[in-house]
1. Taking Cα pairs under 8 Å and at least six residues apart, what relative contact order does region 152-208 come out at, in percent?
2. When the helices in the chain are scored as -39500 (n - 2.57) per DSSP H run of 4 or longer and the sum is shared across all residues, what 222 nm value do you end up with, to the nearest 500 deg cm²/dmol?
3. Would you please put 235-248, 191-204, 332-345, 51-64 in order of how densely packed they are, using the mean number of other Cβ atoms within 10 angstrom per residue and starting with the highest?
4. Given a 1.4 angstrom probe, what's the average accessible area per residue across region 14-104, in square angstrom?
5. Ignoring ligands, DNA and RNA, what percent of the 1.4 Å accessible area of the chain is carbon and sulfur?
6. Please work out whether the chain counts as rounded, prolate or oblate from its C-alpha gyration tensor, where a ≥ b ≥ c are the square roots of the eigenvalues and a/c under 1.5 means rounded, while otherwise a/b larger than b/c means prolate and anything else oblate?
7. List the chymotrypsin sites (Phe, Trp or Tyr not before Pro) in region 1-43 that DSSP assigns to loop (not H, G, I, E or B) and whose Cβ has at most 13 other Cβ atoms within 10 Å. Which are they?
8. Using only alpha carbon pairs under 8 Å that are at least six residues apart, calculate the relative contact order of the chain and give it in whole percent.
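The values are calculated or read from the model by the stated rules, or taken from the named source; none is laboratory data. The structure displayed is predicted, hence computed values, not measured ones. Positions of Cβ are backbone-derived with ideal geometry, glycine not excepted, and every protein chain shown enters the neighbour counts. Remember, those area values only see protein heavy atoms, side chains included, never the ligands or the DNA or RNA. Shrake-Rupley method; radii C 1.70, N 1.55, O 1.52, S 1.80 Å.
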Amino acid sequence: MTGPDRCFNLAFPGATDLTFPQLADVMTGTLLNNVGDPWQGGYGSNHTKSVEIAVLRWLGELFGAGDDVWGYVTGGASEGTLHAVDEAFTAHRDLVVYASAAAHYSVAKAARLVRAPLVQVGVDPDGRMLLDELRQHLAAHRPRAVLVVATVGTTEREAVDDVAGIAALCDDLGITRRRIHVDAALAGIPLALLPAADRPAFDFRAGATSLVVSGHKFLSTLTPCAVLLYPRRPDGQDRQPISYTGTADTTITGSRSGHTPLLLSAALFQHGLDGHRRRAEQSRRLAEYTLEGLHRIGWPAQRLPQAFTVTLNQPLPLPRPWVLGGDRTGRIICMPGVERAWIDELLADLTTQLCGRVHIPVSRGSFPRGDSRR
Ligand SMILES: Cc1ncc(COP(=O)(O)O)c(C=O)c1O
């Protein structure tokens, strides 16, 4: 969705408020390839691995990874999860993967690709993994090795699994051959920026053994990418350089973008912790405004604490092409870049539907001019 239609795209969480005109020349005029391991430059010199490592260290510090952080910039969060599942399965061939019914579809795909069994764990009404049910599954599959994929910000409602609780459960059951991968694609960075008293325990300090966050969701990189982090280089990685590239094959893909680390570093370092905290707070305020607006007009809607996501009963087709997701429950995700005027226009269209009237939209702010019915 480009240009003026951007305002209708409310169900898919890509921030659009940060842009990077200073990188235009390098983005469109230079070949960059961060092939293989970030810590090994390799034979090619046209890479941005030092920038990539700076991004990994910055995010590693945010999530409590410590000084030995390892990881890389992936093509997306799915690739990060695939890496974590493959790492766990390579270490333990009797691995069982556990994830909640609200986990992203990439978890099941990763388990299928490595041919590890997947156990789906039920969720509470908000979409959080049920730890009592997880306990029963873990006990039933003992003594097999464990990888629990916890979701921090589920796709549907932005529910946050209890990572500290999962680690405590594994301790309680004496499970030492274990991994906890945190899929924090959407909510990891905004939640990490909350004051300590409000911040859920979900990162390395809570027992995570790997974690992935998206770049194109909160950080507005405008092209898909993600950052995968481990607190240290996984044991057993083959660090022998490939003769062709001169770098170890420790990543899922060989060739990797050298441009996305530049976008990530521009987003992270130019705005800093305080800038990103402000962006997150603004999004939460807009989500609160959206929820209040929906309740005011009598439209059933919900929002979890700290979430950017407001879920609502799906409307019948509206006069304008609002994108609220393909499920029975619709979503408005108030990512940075979503404007209050767009929410007002959507509320006007929903009010019209409630009243059974035809609404002639009034253009306001950056909303497209005229009636864009189709
Ligand atoms: C929780 C979660 N995990 C993973 C993903 C997948 O990310 P990607 O499409 O970048 O692979 C998404 C994307 O919506 C997500 O919401």
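1. Details: 58 pairs, mean separation 27.2, N = 57.
Value for region 152-208: 48 percent.
2. Values: 9 runs with 125 residues, N = 374.
Dividing the helical sum by the residues of the chain leaves -11000 deg cm²/dmol.
3. 332-345, 51-64, 191-204, 235-248
4. Values: 3670 Å² over 91 residues.
Computed with neighbouring chains in place, this is 40 Å² per residue.
5. Details: 8490 of 16380 Å².
C and S fraction of accessible area: 52 percent.
6. Details: a/c = 2.14, a/b = 1.34, b/c = 1.60.
Judged from the Cα gyration tensor, the chain comes out oblate (a/c at least 1.5, b/c at or above a/b).
7. Numbers: sites: F8, W39, Y43; in loops: W39, Y43.
Here the sparse-neighbourhood loop sites are Y43.
8. On the way: 726 pairs, mean separation 87.5, N = 374.
Once divided by the residue count of the chain, the mean separation gives 23 percent.
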